[in-house]
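Shown next, in C-alpha cells, is the structure this report addresses.
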Amino acid sequence: MADFNAMQEALVACDQDKLTALVNGAVGEGVAASEILNKGLIAGMDIVGEKMESGDMFIPEVLMAAQTMAACLEIIKPLLGDDESSAAATVVIGTVKGDLHDIGKNLVAMMMESAGMKVVNLGVDIDPEQFVAQIKDNNASIVCLSALLTTTMVMMKETIDAISEAGLREQVKIMIGGAPVTQAYADEIGADGFAPDAGSAAKLAKKLAA
Ligand code: B1M
C-alpha cells in the first residue's frame, strides 16, 4: 500500500532518500502516477506552504523541499501519460517576470509533452519581450503563463498586452494558471483560458489547439 502520509512527511523533512524510496515503491506497486503526484507530492508541498506562512519553515528549507519534489517528479514523469489522442501544437510556457516559482509550471510542461505537444519551456522570471520573441522564433500557437504570487499576476496582463502590441494576438491562444489565478482573472485580462492544475491545462491546450 502506498503511504501518502509518509511521502508528505518525507517531503516536509526534505528527506530525498526516503521520498525517492517511497515513490519508487509506490510506482513498483502499480500506484497511478497522478495519485502519487496529488496525494503525496502536491499535498506535501501544500503543508510546506502552510509552514512557510506560519513561520515554521524558512526560505532555504522551502527551496530544499522544492528540490526534493523536483527530483521525485523525474521518477514519475514518464508515467504521467495521457491516453487521449495527441494534438499537434507548439506551446511556449514560462513563469512571468519577477516570479521564481517553477514546480507547477514544469508540471504543466511535463503533462503537455506527455500529451504529444512540442513544449518550449522558457523558465522563470520571463519578461513580456522574451515571450514575444519566443512565440515568433517557435511559431507557437499556445502560450502558457504561470504566476504564484499575487504581486506578479499583473505581469500576465502586461505580457498579453505585449503580445497584442507585437501583432501576435491572433496567432496564439493564451492560457494562464498558478495558485492565485482564477477564471475571473483570466476573463478580466483577456486570456483565452485558465487551468487550475497541470492535467486540466494539458486538456485545455488540446482543446484550444484543435
Ligand atoms: Co514561495 N510563495 N515565495 N517559494 N512558495 C508561495 C506561492 C506562497 C503561497 C507561500 C505562503 O506564503 N503560503 C506565497 C505567496 C503569497 C501570495 O502571493 N499570495 C509565497 C511567497 C510569499 C514567496 C516569497 C515572496 C517569499 C519571500 O521571499 N519572502 C518568495 C518569492 C520569490 C519570487 O518568486 N520572486 C518565494 C520563494 C519561494 C522559493 C524560491 C523558496 C520556492 C520556489 C522554488 C521553485 O519553484 N523552484 C517557494 C515555494 C516552493 C512555495 C510554495 C511552498 C510551493 C509552490 C509549489 O511549488 N507548489 C508556495 C505555497 C503553496 O503553493 N502551497 C509558495 C506545488 C505546485 C505543484 O503547485 O505551483 O500551484 P503550483 O502549480 C499547480 C497549479 O497552480 C497549476 O498547475 C500546477 C500543478 O497542478 N499551474 C498552472 C501552475 N502554473 C500554471 C500555468 C498554467 C496552468 C496551470 O498555464 C496555463
### Task
Kindly establish whether Leu145 is touching a helix residue (DSSP H, G or I) at 6+ places or on another chain (Cβ under 7 Å) and near the ligand (Cβ under 8 Å from one of its atoms).
yes
### Query
Counting only residues that are touching a helix residue (DSSP H, G or I) at 6+ places or on another chain (Cβ under 7 Å) and in a loop (DSSP other than H, G, I, E, B), which one in the stretch 182-201 is nearest to the ligand (Cβ to nearest atom)?
Ala195
### Query
Does any residue of the stretch 82-98 turn out to be within 11 Å of the ligand (Cβ to nearest atom), part of a loop (DSSP other than H, G, I, E, B) and more than 15 Å from Ala198 (Cα to Cα)?
yes
### Query
Could you list, in sequence order, the residues of the stretch 72-100 that are surrounded by 13 or more Cβ atoms within 10 Å (Cβ to Cβ), aliphatic (A, V, I, L, M) and at pLDDT below 95?
Leu73, Ile75, Ile76, Leu79, Leu80, Ala87, Ala89
### Task
Go through the residues of the stretch 127-150 one by one and say whether even a single one is surrounded by fewer than 21 Cβ atoms within 10 Å (Cβ to Cβ), in contact with a strand residue (DSSP E or B) (Cβ under 7 Å, 6 or more places away or on another chain) and without any contact (Cβ under 8 Å) to a residue 24 or more places away in the chain.
no
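The values are calculated or read from the model by the stated rules, or taken from the named source; none is laboratory data. As the structure is a prediction and not an experimental result, all values here were calculated from the model. Because the Cβ atoms are built from the backbone with ideal geometry, glycine has one as well, and the counts that use them run over all protein chains shown.
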